[in-house]
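The values are calculated or read from the model by the stated rules, or taken from the named source; none is laboratory data. Computed from a predicted model, the values in this text were never measured in an experiment. Cβ placement follows ideal geometry from the backbone for every residue including glycine, while neighbour counts extend to all protein chains displayed. We work out accessible area using only protein heavy atoms, side chains counted, and drop any ligands, DNA or RNA first. Shrake-Rupley method; radii C 1.70, N 1.55, O 1.52, S 1.80 Å.
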Amino acid sequence: MPNHADFYWIRNIPYFCSQAIFSDETINYRMPPEPSQYDRVTITLRAGRDIELQPYLCMETGRLPMEKMRASFVFDYYQVTLPPSAELIRYYFCIEGEGFTLYYTKYGVFEDYQSDGWFEILKNYHTPQWAKGAVMYQIYPDRFFNGDKQNDVLTKEYMYLGKPVKKVEDWFLNPDSEDIRNFYGGDLQGVIEKMDYLEDLGIDAIYLNPIFVSPSNHKYDIQDYAHIDPHLGVIEVDEGALLFGSEENKEATKYITRVTNEINLEKSDMLFATLVEEAHKRGIKVIIDGVFNHCGAFHKWLDKEGIYIGKNSGAYQDKNSPYRPYFYWDQEGEGYEGWWGYENHPKLNVEGCPKLREEIFKIATKWVSPPFCADGWRLDVAADLGRTEEFNHAFWREFRNVVKKANPNAVILAEHYGDAKPWLWGDEWDSIMNYDAFMEPLTWFLTGVSKHSTEARDDLYNNANVFWGSMSYQMAKLPIQAINTAMNELSNHDHSRFLTRTNRQLGRLAKNGAKAAEDGVLLSVMREAVLFQMTWLGSPTIYYGDEAGVMGWTDPDNRRTYPWGRENIELIEFHKTCIRLRKENEALRFGSLKQLFGEYGIIGYGRFTELNKCVIVLNNNNCAKEIYIPLWQIGVREKGRMKSLLSTEETGYHRESTAYVVENGHIRLLLPPKSGVLLKEV
């Protein structure tokens, strides 16, 4: 990436520099931010005041002069309006002055023309308004709260991956390395009973890991897409025996009754409808997990375990089964293909089987429609579905069509690692789980270890230049529609808990043990991360228990139970405060974002609208630092005043307000070690 043109002193006017020039794709500088093909689009560019300039909006088809429309105390604002069009529009700005020309892209200001980093207007790309900047809360159901002990998986109820399942009697016992077949009893009734807690926390949406019938605790190996697992729902009919002396699941009669009895299934489905209704009463949306690349070996379409013999003709049991084309078979027709070779994850032949596609689209529609009314889907390994990229895109386009037709306000979020842009044109996914432009850069900066706690990079620790470069580059790949709704997570079910990462140690459960994940953690760094998460552009997503101080290596250790009665109350209150401040300040949800500061261990940025201007600074050093922040860059007046809304330090946090006087467009901050501060113009 070319070097930025850092400062240009024109006619001895100090405010005209690269940092005075600004535009973005938010509602503050583009109206409307999500235009249809029928909308006129007005684009705004900010530059230094009272300088003889002629900015141009430059597109592949030519350039248009921009007209000065208004001025503030330090900036002039230029605009141009584009006529309605269905075409993708890519643009950058060219600013011509007396004896100089500058270029402005998503990456910033340059002296030379740039071929990448252009802004984009994607027509007809609309995401639900409720999802923009929403605070989400991810729940791994088996580990959240046990609200109904009658539906608990019982020890030796069935076999899973060659061994009997086990009911864990001690809720607070940490997972062991073979956790996959251990069950703690968390369920949907538990989520309902803790709904008031979630409302009090301040969240806007719940994201549930898979809840459909499945033999594992993670439930990414689905057995029946058409129903909620009665072990998470309701078990009313409970006949049959446990497995004693047998290792064949076709003899696991209690399990078979529990998960196939129509009364259990119907009542479990309706309990989910109740959960959604209770959430909606509190203004909380519910997103469910869709796993359509693969299912489970127990699935009734395959029925490798013989669970559905006599009820259903599974493809593993019967070569003439109507479900035979749903899977990929070897030449002999005996073995099926597993996703990444895992036999318990049979890959679905979605590309080669139109009937299977119809089944999936019915499932996708069912759960976002009455009486269930889920508010969207999170899609597991979405880019892996099918054999070819061409088909993958065609499938997700149709998936979007059927989901949005059934529930226009439903959100579609995808799990994806790497460049997601090919799926983010407005006709497939709404957005993604934000690894590249959130979790990874922040984790490297604050901890110097990977999101799995399996790799250390001292060169990335506290490296503000790399942090800002990564954020700028990765965010530039994403449309504003995707950025606004991206799931910004510190932790989740696939990665180590962020609080564990603060100890800067490497480890896995089987090798290092659970205790090592708790040693030397720094709540001060956790508070820095949460402050950042709740003030950044996108949808901050809390992994259940993070707010209560849960620790753990990567899975399965990251799937510890929520510590009811043993919570870190101060950390919960800190989350509540951050969420409340996010909701009270429109800039923190919908405002523009601008880098204001960066040096070793320190990052500072502004979130701002015309009427609300906030500044956030983190000091991740082990010593105090004094810095000067250029508040004029976000429009704070030269003699303005700021007050702190929240400040953190090594020993805790403070909500008491401290006043700051702005001098020459800057304020001086003395930052304690391992601290953060949120300021607001008053």
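Quick notes
- When LEU201, LEU242 are checked against the criterion of being touching a Ser or Thr at 6+ places or on another chain (Cβ under 9 Å), at pLDDT 95 or above and farther than 24 Å from MET270 by Cβ, LEU242 stands alone in meeting it.
- Looking at the range 504-612, the helices (runs of 4 or more DSSP H) lying wholly inside it that each contain 3 or more residues that are within 22 Å of the chain's Cα centre (by Cα) and over 26 Å from GLU626 (Cα atoms) sit at 569-584, 586-590.
- Pairs with Cβ under 6 Å, 6+ apart, first in the range 216-236 and closer than 17 Å to LYS254 by Cα, second aliphatic (A, V, I, L, M) and assigned to a loop (DSSP other than H, G, I, E, B): HIS231/VAL153; LEU232/ILE211
- Search result, residues across the range 513-537 that are over 29 Å from ASN585 (Cβ atoms) and open to solvent by 10 Å² or more (accessible area, probe 1.4 Å): GLY513, ALA514, LYS515, ALA516, GLU518, ASP519, GLY520, VAL521
- Set GLU626, GLU663: member being touching a residue at least 40 places away in the same chain (Cβ under 8 Å), surrounded by fewer than 19 Cβ atoms within 10 Å (Cβ to Cβ) and of a type outside the set (Gly, Ala, Ser): GLU626
- Flag if CYS353 is hydrophobic (A, V, I, L, M, F, W, C) and in contact (Cβ under 8 Å) with a residue 60 or more places away in the chain: no
- Some residue of the range 111-127 being at positive phi and in contact with a His (Cβ under 8 Å, 6 or more places away or on another chain): no
- Scanning the range 134-186 for residues that are open to solvent by less than 10 Å² (accessible area, probe 1.4 Å), among the aliphatic types (A, V, I, L, M) and in contact with a helix residue (DSSP H, G or I) (Cβ under 7 Å, 6 or more places away or on another chain) yields VAL135, ILE139, VAL165.
- Residue match in the range 562-579 (condition: among the aliphatic types (A, V, I, L, M) and touching a Phe, Trp or Tyr at 6+ places or on another chain (Cβ under 6 Å)): no
- Hits in the range 105-123 (condition: assigned to a strand (DSSP E or B) and either open to solvent by 20 Å² or more (accessible area, probe 1.4 Å) or closer than 23 Å to GLN19 by Cβ (or both)): THR105, GLY108, VAL109, PHE110, PHE119, GLU120
- Selection status of GLY314, surrounded by fewer than 21 Cβ atoms within 10 Å (Cβ to Cβ) and over 18 Å from LYS366 (Cα atoms): no
- The set of residues from the range 321-350 being without any contact (Cβ under 8 Å) to a residue 12 or more places away in the chain and among the basic types (Lys, Arg) comprises just one member, ARG324.
- The residue that is least open to solvent (accessible area, probe 1.4 Å), among those in the range 62-104 that are among the acidic types (Asp, Glu) and part of a strand (DSSP E or B), is ASP76.
- Per-region count, the range 230-247, residues out of contact with any Leu (no Cβ under 9 Å at 6 or more places or on another chain), open to solvent by less than 90 Å² (accessible area, probe 1.4 Å) and not hydrophobic (A, V, I, L, M, F, W, C): 4
- Flag for GLU178 being modelled with pLDDT under 95 and more than 23 Å from the chain's Cα centre (by Cα): yes
- Among the residues of the range 472-512, those that are free of Cβ contacts under 8 Å to residues at least 40 places away in the same chain and either in contact with a strand residue (DSSP E or B) (Cβ under 8 Å, 6 or more places away or on another chain) or open to solvent by 20 Å² or more (accessible area, probe 1.4 Å) (or both) comprise GLN474, LYS511.
- Here ILE627 passes the criteria (1) in a strand (DSSP E or B); (2) closer than 20 Å to TRP468 by Cα; (3) in contact with a helix residue (DSSP H, G or I) (Cβ under 6 Å, 6 or more places away or on another chain) except the one numbered (3).
- If you go through the range 328-386 and keep only what is open to solvent by less than 40 Å² (accessible area, probe 1.4 Å), in contact with a helix residue (DSSP H, G or I) (Cβ under 9 Å, 6 or more places away or on another chain), outside any loop (DSSP other than H, G, I, E, B) and more than 15 Å from ALA406 (Cβ to Cβ), you end up with PRO346, LYS347, LEU348, LEU356, LEU379, ALA382, ALA383.
- In the range 124-133, the qualifying residues are those that are touching a Pro at 6+ places or on another chain (Cβ under 9 Å) and open to solvent by less than 20 Å² (accessible area, probe 1.4 Å), and the one that is farthest from ILE412 (Cα to Cα) is GLY133.
- Selected residue (criterion: farthest from GLU87 (Cα to Cα)) from residues of the range 5-46 that are of a type in the set (Gly, Ala, Ser) and modelled with pLDDT of 95 or more: SER23
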